[in-house]
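Novice: Dumping the structure here so I can ask a few things about it.
The values are calculated or read from the model by the stated rules, or taken from the named source; none is laboratory data. Bear in mind the structure is a predicted one, so any value in this text is a computation, not a measurement. Quick reminder, even Gly has a Cβ in these numbers, built from the backbone with ideal geometry, and neighbours come from all protein chains shown. We work out accessible area using only protein heavy atoms, side chains counted, and drop any ligands, DNA or RNA first. Shrake-Rupley method; radii C 1.70, N 1.55, O 1.52, S 1.80 Å.
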Amino acid sequence: MARSDGPPQFSSEHYRSLYTCFSLFVVLYLAEPGYEDAPVGDDLMEWLNSNFIEPSTEEGDHLSSLDRPWEDENFWSYLTRATLRGLSKASLFFLEVLSQHPSEDLQSLSKSLGPLIESQPRLHQYSSERDFAYASRRWSDRVKALRIEMERVPEDERFDGFDNWWDSLSDVIGILEGRTEVVMRVCKELGSDWKEVCAAWGVFVNVRLRRQDLPDVVSQVLDELPPDPTSLEDMIHIALVSGESNKVLEHASKLDRWLSAHLADFMVPLQLIETEPDETGISLRDFHILEYAEYLHSDPALWRVTVDYMYSCGDMGKLQADECLLRVPLRLQENGSYWETKSGDIAFILKDVSQTCLTHHRELVRRTVCKIAAQNMVSRKDYGLAAAYSISAEDWPGLGRVVERVLEEYVSNGPSIFASYASAIAPSVPELRNRATNQSIFTHRLLFVVRYAHYHQLIEMHKLQDAAADLVAIFREDLVPKSWWPVLLSDSIPLLQEESALLFPSASASELLRNLEEVFVMTSQGAGERYLSVFRRILRAKGKPSQERDALEQLKLVRLALARYFGRCTSS
């Protein structure tokens, strides 16, 4: 079933196919250290029994429930296949049952056959292949002796009224003898395929069969039992056993790009495929990895895994991964639920993006991502994160735009809302100061916003003495842009008029007066736009007249407040 928001999900049968293919690759090409050149028969049979179970458990349960199971039409096929598959427990159980068979010859032969099956040498039981080969030869001699004993059974004693038991038992012994024609014929009669013949070949026909010998064996077997050309799984198995790596990848990519990508990745260090780029400039391994990465890319949530695959694929992969990372913050914005997503969640995702860039040494991409993220955060009015991302990206003009947007909040919505937004960018001040940068203009502008917000917070807390000192300090430290001088000078009126105390020292009040006079003088000299633009916009937002002369009239109130303040200072 396909998901609307990502790659399709597959059936359990599909995943079973992937497992059989990959596990066969492991058996054939990733043997345990020291066993690379060891006989492969037992491993191949174990793979077959694990993935293609025959005979079925139901068959065994049915036969074991019968008093005379040899009368069942499936008895001998079950016993033959259990022997062929090396399932000694099942074989021994039904050989024991034959001790009750009416034929004394069959009773005797089955009694001798049981210990033979149980004692068949296995490679893992021996410390060296030489010992294993010697034990196998001695075991084969015992099988031959049983064949001689079997041949002595008279022709007329080989039937039991239901079947020719002698022929059926002869097939079982023929398998143990490793007779190629018997193994091939039995497999055909049982409906087996080429895989079962190849596995039995390594267990019975040639117990010292190596991995590199399998292509010759499979070529013989396929003449009698061809593969299923409609089954990609079977075609991959054939290519693996035949040592045709390029065909393995070709079929695997049709079955599942995950399989072809990971097989190709393993094949490179094993020197199974070419590593040089083709005419398109990409190697076979990278081609399959990028094909799988492109598939993953259809689900935006998988970007972390996607870029890891892409970054392993040379320059072309790096370019694709860079583009993928740059799309992450844009997708967050394009997502329909973007505005409902918490900024903290977005920040967590972007932190992952940044860490990915650092891991893969993509500093330019990291900065660009942070730049895009800052723009997104400004649109959400999350100015704290916007400032942090701008600094991280070293996007100083971008930081300047963040500061201007926060100042715009003052113009549009007043000091209270401005202060709440400005407090969010305050943590960026220490980080900016710690950076070795010559962008002092942006540092000063950011400091002004933070200090001016702090001034308004002091006003709200009625810490008027501290507020007055802070107001003068902002001027004295040359943090105030010229366009904001009239705004701060206007802010001083209620402090100058405070009756409970003289909040400004005379020197501080004089400094305010000098700043005020500069505004009047410079405006008279044609610099009114530089000094009065913000103040006029604030007046306009409050519904007051906002021409230049109107602004100057408002500033005359500051001059009046200062004059009265100096008068109070003189009389006190």
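Novice: Taking the stretch 252-299 on its own, how many of its residues are within 27 Å of Glu32 (Cβ to Cβ) and among the β-branched types (Val, Ile, Thr)?
Specialist: 4
Novice: Within the set of pairs 6 or more residues apart or between chains, which connect a residue that is touching a residue at least 24 places away in the same chain (Cβ under 8 Å) inside the stretch 219-238 to a residue that is of a type outside the set (Lys, Arg) and open to solvent by 40 Å² or more (accessible area, probe 1.4 Å) with Cβ atoms less than 6 Å apart?
Specialist: Leu225/Asp193; Asp234/Asp228
Novice: Right, another one. Inside the stretch 204-228, can you point out the residues that are outside any helix (DSSP H, G or I), closer than 19 Å to Ser136 by Cα and not polar (S, T, N, Q)?
Specialist: Within the stretch 204-228, Val207, Arg208, Leu209, Arg210 qualify.
Novice: Follow-up question, since we're still on this one. Here is a check on your reading of the model: is Val143 touching a residue at least 12 places away in the same chain (Cβ under 8 Å) and farther than 19 Å from Gly178 by Cβ?
Specialist: Against the criterion (touching a residue at least 12 places away in the same chain (Cβ under 8 Å) and farther than 19 Å from Gly178 by Cβ), Val143 does not qualify.
Novice: From the list Glu196, Glu155, exactly one residue is open to solvent by 70 Å² or more (accessible area, probe 1.4 Å) and within 30 Å of Pro69 (Cα to Cα). Which is it? Even if it seems obvious, please write down each step before you answer.
Specialist: Numbers: Glu196 fails: open to solvent by 70 Å² or more (accessible area, probe 1.4 Å).
Selected residue: Glu155, the only one of Glu196, Glu155 that is open to solvent by 70 Å² or more (accessible area, probe 1.4 Å) and within 30 Å of Pro69 (Cα to Cα).
Novice: Also, quick follow-up: Counting only residues that are under 21 Å from Arg142 (Cβ atoms) and in contact (Cβ under 8 Å) with a residue 40 or more places away in the chain, which one in the stretch 92-107 is farthest from the chain's Cα centre (by Cα)?
Specialist: The residue in question is Asp105.
Novice: So which residues in the stretch 459-498 are in contact (Cβ under 8 Å) with a residue 12 or more places away in the chain and basic (Lys, Arg), if there are any at all?
Specialist: Correct list: Arg476, Lys482.
Novice: Would a scan of the stretch 243-258 turn up a residue that is touching a Cys at 6+ places or on another chain (Cβ under 6 Å), in a helix (DSSP H, G or I) and in contact (Cβ under 8 Å) with a residue 24 or more places away in the chain?
Specialist: no
Novice: Taking Trp165 and the conditions (1) surrounded by fewer than 20 Cβ atoms within 10 Å (Cβ to Cβ); (2) more than 20 Å from Gly86 (Cα to Cα), which numbered condition does it fall short on, given that it satisfies the others?
Specialist: All conditions are met except number (1).
Novice: Tell me, which residue of the stretch 499-510 that is more than 17 Å from Asp466 (Cβ to Cβ) and without any contact (Cβ under 8 Å) to a residue 40 or more places away in the chain is surrounded by the most Cβ atoms within 10 Å (Cβ to Cβ)?
Specialist: Among them, the one singled out is Ser510.
Novice: Evaluate the following for Pro277: is it open to solvent by 60 Å² or more (accessible area, probe 1.4 Å), farther than 25 Å from Asp382 by Cβ and modelled with pLDDT under 90?
Specialist: yes
Novice: While we're on this one: Specify which of the listed residues (Leu399, Leu364) is in a helix (DSSP H, G or I) and under 19 Å from Trp303 (Cβ atoms).
Specialist: Going through Leu399, Leu364 in turn, the sole match is Leu364.
For (1) in contact with a strand residue (DSSP E or B) (Cβ under 9 Å, 6 or more places away or on another chain); (2) among the small types (Gly, Ala, Ser); (3) at pLDDT 95 or above; (4) within 22 Å of Asn74 (Cβ to Cβ), each residue gets a yes or a no:
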{"site": "Asp163", "(1), (2), (3), (4)": "no, no, no, yes"}
{"site": "Cys198", "(1), (2), (3), (4)": "no, no, yes, no"}
{"site": "Asp228", "(1), (2), (3), (4)": "no, no, no, no"}
{"site": "Ile238", "(1), (2), (3), (4)": "no, no, yes, no"}
{"site": "Glu244", "(1), (2), (3), (4)": "no, no, yes, no"}
